[in-house]
Amino acid sequence: MKKTILAAILAVCGIAMLFANGNQESAKKPYIIKTGIGLNDQSVQFKTLEFMKKTLEQSTDGAVVMQLYHSSTLGDDMAVLEGLQLGTIEMFCGTIGPAAQFSSKVKLFDLPFLFTSYAQADALLDGPIGQEVLDSLEPAGMIGIGYWENGFRQLTNSSRPVKTPKDMIGLKLRTMPTPVPLSTFRLLGANPTPMNFGEVFTALQQKVVDGQENPWETILSNKFYEVQKYATNTGHVYSPFGVLFSKKFWDKLPDEYKQAVKEAVYAARDFNRKTAREAEQRTLNELKKYMEVTILSPEELKAFQKITRPVYDEFAPEIGPDLVKRAVKFLNEMQ
Ligand code: TK8
């Protein structure tokens, strides 16, 4: 009889200890930052995420942990943005373009031929205008911390070499799911279709569309060259990746970790830009092995620029005429 009582007491103690332990564990539970991208694990973007993860987990001693997904396994860019709003996903670092759905100011970066150099992109994005665009997403539940690099977008297609704007006429092109590129390519006489990135390879392969536009690095890492014969260095737009956090998550994160997250984002940004730019020529040379690449001179590209210029007037009212004016002035003064 005594034995059973003793056993019962021990059992109760054991359960109590378990609970105590459980509580201790939960007090130490790390903050989790989940994020997902459309590009695959060979991309500079994924390497940038791995860099950030290492930096942040080290600097917070594991108190903040990152979980990384690639190849759209967490959803396409729009789905991740919606996850941020709901608080089910903590971080977004895809092309900021599709976030135009939540703030029209984001459309600024889709204006054709806005940036002509990396120096211009860095100065504008890392300065007050870049911050103004990020801040405009807060009412939609997203906290913008900074910009990483997707890069200058280049045109590929499976039907013919594009050397002049005339060659664009009738080309069926996939564009990002956001309005400015639709207008840009319509002005050039092409036939654009918005589509999520995860569907692009198959759409090109099955000839649902003839072409697409993305930086050289994406064309290589996603093997678009397997289904695209022709490329042209249109560089019509510089796409920034926007590094955004769910406001629901951010508001709960202690200040010391907010600081650590910001520092990791900026360290990863520097790694990202350096890696992508150093690799650019090599990437292009590699693509030349598989594709017929047309390199146009700045003079030849002016013809594309001229035709697409009305896009500025079309979208300025939505973006904010003053913001467009300030951005253009800032960039002109840099040249
Ligand atoms: C990947 C996208 C991609 C973008 C696009 O998720 O959709 O074409 O350029 O990089 O963000």
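Dividing the summed -39500 (n - 2.57) terms of all DSSP H runs of n ≥ 4 by the residue count of the chain sets its mean residue ellipticity at 222 nm at -15500 deg cm²/dmol. A straight chain from Ala119 to Lys163 at 0.36 nm per residue would run longer than the Cα-Cα distance by 13.2 nm. Report relative contact order for the chain in percent, whole number only (criteria: Cα-Cα under 8 Å, sequence separation at least 6). 24 percent. Between Gly146, Gly189, Gly130, which gets the highest mean-square fluctuation from a Gaussian network model of the chain, Cα cutoff 10 Å? Taking springs between Cα atoms under 10 Å, the residue moving most is Gly189.
Exposed loop sites are taken as trypsin sites (Lys or Arg not before Pro) in a DSSP loop (any state but H, G, I, E or B) with at most 16 other beta carbon atoms within 10 Å; the longest stretch of the chain without one runs 29-162. Reported value for the chain: 157 Å³ per residue, from the convex hull of its C-alpha atoms.
Once you have the Cα-Cα distance between Lys207 and Phe330, take 0.36 nm times their residue separation minus that, and quote the gain in nm to one decimal. Could the numbers behind the result be given before it?
Values: separation 123, 0.36 × 123 = 44.28 nm, distance 4.12 nm.
That works out to 40.2 nm of additional length.
Cα gyration tensor of the stretch 169-224, axes a ≥ b ≥ c as square roots of the eigenvalues: rounded (a/c below 1.5), prolate (a/b > b/c) or oblate? Since a/c reaches 1.5 and a/b is larger than b/c, the shape of the stretch 169-224 is classed as prolate.
For the set Lys29/Lys248; Lys252/Lys274; Lys274/Lys302, the pairs lying more than 25 angstrom apart at their alpha carbons are Lys252/Lys274; Lys274/Lys302. Cross-link partners of Lys207 among lysines, defined as those whose alpha carbon lies under 25 angstrom from its own and excluding same-chain residues fewer than eight positions apart: Lys163, Lys166, Lys172, Lys223, Lys229, Lys288, Lys289. The distance separating the Cα centre of the stretch 62-106 from that of the stretch 189-248 comes to 18 Å. Mind checking the stretch 55-155 for GluC sites (Glu not before Pro) that DSSP puts in a loop (not H, G, I, E or B) and that have at most 10 other Cβ atoms within 10 Å? Sites meeting the loop and neighbour criteria: none at all. A cut-off of 5 Å between modelled amide H atoms, ignoring neighbours fewer than 5 places along the same chain, links Met66 with Ile33.
Label-to-label distance, Ser297 versus Asp41, with points set 7 angstrom from Cα along the beta-carbon direction: 4.6 nm. Cross-link partners for Lys247 among the lysines, with Cα-Cα distance under 18 Å and sequence neighbours closer than 8 places in the same chain left out: Lys34, Lys258, Lys262. Short version: ³J(HN,Hα) in whole Hz for each residue of the stretch 235-248, in order, from phi by Karplus 6.51 cos²θ - 1.76 cosθ + 1.60 (θ = phi - 60°), x for Gly and Pro, what are they? Per residue, the Karplus-derived 3J(HN,Hα) values read x, 5, 8, 9, 9, x, 7, x, 9, 10, 10, 5, 4, 4 Hz.
Computed from the coordinates by the stated procedures, all read-outs in this text should not be read as laboratory data. Small disclaimer: the values here were computed from a predicted structure and weren't measured. Virtual Cβ from ideal backbone geometry, glycine too; neighbours counted across all protein chains shown.
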